[in-house]
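Following: one structure in structure tokens, then a few remarks.
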Amino acid sequence: MNKREKEEEEKERQQIFERGKKTIRSPDIKKISEESEGKTSRTEGGRKEMEELKELMREMMKQIEENMLGIRQEIKEMKKEMGEKEKKWEKEKEKLLEEEICNRIQKPNEKTSSFATAILTLMRKHGEMSAETQIYEPSTNII
């Protein structure tokens with residue numbers, strides 16, 4: 001490329017760039033500026049707009065705060081509900097383990113040591129069995 005071609009290419013780039021610089025205004029801004037002509041200056045009209053925007057933002061923030069209070073209340077209720085369900089599940093789990101311990105019978109070809117280990121494992125899972133039960137249960141269902 002010679003010098004002249006480079007200059008032409010540079011001019012084309014400049015023209016494309018200049019076309020992209022055009023400012024586009026919304027119809028609302030044009031209306032506001034037309035209304036403000038003769039009545040108030042542009043800065044005063046801008047101040048009014050800013051005050052209106054600030055008021056809208058305040059209202060939106062109040063609504064967000066109210067929504068957050070409601071959400072926080074729902075979260076508290078859900079936590080309480082989940083705590084109650086966990087307590088119920090723990091009690092149910094204990095009952096199921098107790099039943100499993102009571103119903104566990106030594107199988108015909110199962111070694112006594114394997115049976116005792118299985119029963120003791122179930123008792124450890126239960127966690128809160130009395131000492132008497134821990135001694136009595138393993139010996140009851142041995143064949």
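Going by the conditions given, is residue 75 assigned to a helix (DSSP H, G or I), within 25 Å of the chain's Cα centre (by Cα) and surrounded by 10 or more Cβ atoms within 10 Å (Cβ to Cβ)? Criteria met by residue 75. Filter region 125-135 down to the residues that are surrounded by 11 or more Cβ atoms within 10 Å (Cβ to Cβ) and assigned to a helix (DSSP H, G or I), then identify the one that is modelled with the lowest pLDDT. Per the criteria, the residue is 134.
Each row is one residue, and each column tells you yes or no for (1) surrounded by 10 or more Cβ atoms within 10 Å (Cβ to Cβ); (2) assigned to a helix (DSSP H, G or I); (3) modelled with pLDDT of 80 or more.
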{"position": "34", "(1), (2), (3)": "no, yes, no"}
{"position": "53", "(1), (2), (3)": "yes, yes, yes"}
{"position": "56", "(1), (2), (3)": "yes, yes, yes"}
{"position": "96", "(1), (2), (3)": "yes, yes, yes"}
{"position": "99", "(1), (2), (3)": "yes, yes, yes"}
{"position": "105", "(1), (2), (3)": "yes, no, no"}
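Residues are listed down the side, and each one gets a yes or a no for (1) part of a loop (DSSP other than H, G, I, E, B); (2) acidic (Asp, Glu); (3) modelled with pLDDT of 65 or more:
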| residue | (1), (2), (3) |
| --- | --- |
| 17 | no, no, no |
| 23 | yes, no, no |
| 38 | yes, no, no |
| 68 | no, no, yes |
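List every residue pair whose Cβ atoms lie under 7 Å apart, where the two residues are 6 or more positions apart in sequence or sit on different chains, the first residue falls within region 73-94 and is outside the structural domain of residue 123 (by TED's automatic domain parsing), and the second residue, located anywhere, is in a helix (DSSP H, G or I). As it stands, the answer is 94/126, since those pairs meet every condition given.
The values are calculated or read from the model by the stated rules, or taken from the named source; none is laboratory data. Worth saying up front: this structure is predicted, and the values here are computed from it rather than measured. Note that each Cβ is placed from the backbone with ideal geometry, even for glycine, and that neighbours are counted across all protein chains shown.
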